[in-house]
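**Student:** Here it is, the structure in full.
The values are calculated or read from the model by the stated rules, or taken from the named source; none is laboratory data. A quick note: this is a predicted structure, and the numbers were derived from the prediction, not measured. Neighbour counts are summed over all protein chains in view; Cβ atoms, including those assigned to glycine, are modelled from backbone coordinates with ideal geometry. All accessible areas refer to the heavy atoms of the entire protein, side chains included, with ligands and DNA or RNA removed. Shrake-Rupley method; radii C 1.70, N 1.55, O 1.52, S 1.80 Å.
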Amino acid sequence: MKEIKIQEYKENVFNAIGKQWMLISAKKEGCVNTMTASWGGMGVIWNRNVATIYVRPQRYTKEFIDNSDYFSLCFFDESWRPKLSYLGSVSGKDEPKITQAGLTVLDQDEAPYFAEAKLIMICRKLYKQALEKDCFMDVNLYDQNYPNDDLHVMYLGEVVKIIENK
């Protein structure tokens, strides 16, 4: 594993997040939890390099993100797709899904991450806000994505470290 400068990150973020998916992970009271996500973004705000993630309020991982100053984003090669699907469909509250998926937790920073990931971003939380129904300009997006009125919470995290695993 090797730390790289953010300017060296060459992946297409639309593909990395939307097509390949990522694991969002955080720790709370010495425990680690993770969830699979395919919604998010990367950019610059407040003169900081940031990643934006979206987490539904009922997700167990949200408790971990809320109780930590940091979270990680881990990206995997395509061979991990079945395990990422599994990690997104079960709760860490109900079973030891990280162990069941065969992942090795590393915790050398403020956020846990996985030895098997091809790329890891460590992010420091800067901002969070719940999405609001009244703010949707296209009401169809709300209707299609929130039939249970469980709007995501958006988190902005400063990308403080990127680690490549070759």
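**Student:** Could you please find all residues in segment 96-130 being among the small types (Gly, Ala, Ser) and either open to solvent by 30 Å² or more (accessible area, probe 1.4 Å) or in contact with a Ser or Thr (Cβ under 7 Å, 6 or more places away or on another chain) (or both)? Give the derivation first.
**Tutor:** Step one: filter segment 96-130 for residues among the small types (Gly, Ala, Ser), giving 101-102, 111, 115, 117, 130.
Within segment 96-130, Gly102, Ala111, Ala115, Ala130 meet the criteria.
**Student:** A further question on this structure: Please go through segment 1-26 and pick out each residue that is surrounded by 15 or more Cβ atoms within 10 Å (Cβ to Cβ) and part of a strand (DSSP E or B).
**Tutor:** Met22, Leu23, Ile24, Ser25, Ala26
**Student:** Moving on to the next point. Looking at segment 15-58, which of its residues are farther than 17 Å from Phe76 by Cβ and without any contact (Cβ under 8 Å) to a residue 24 or more places away in the chain?
**Tutor:** Gly30, Gly43, Val44, Asn47 - these are the residues of segment 15-58 that are farther than 17 Å from Phe76 by Cβ and without any contact (Cβ under 8 Å) to a residue 24 or more places away in the chain.
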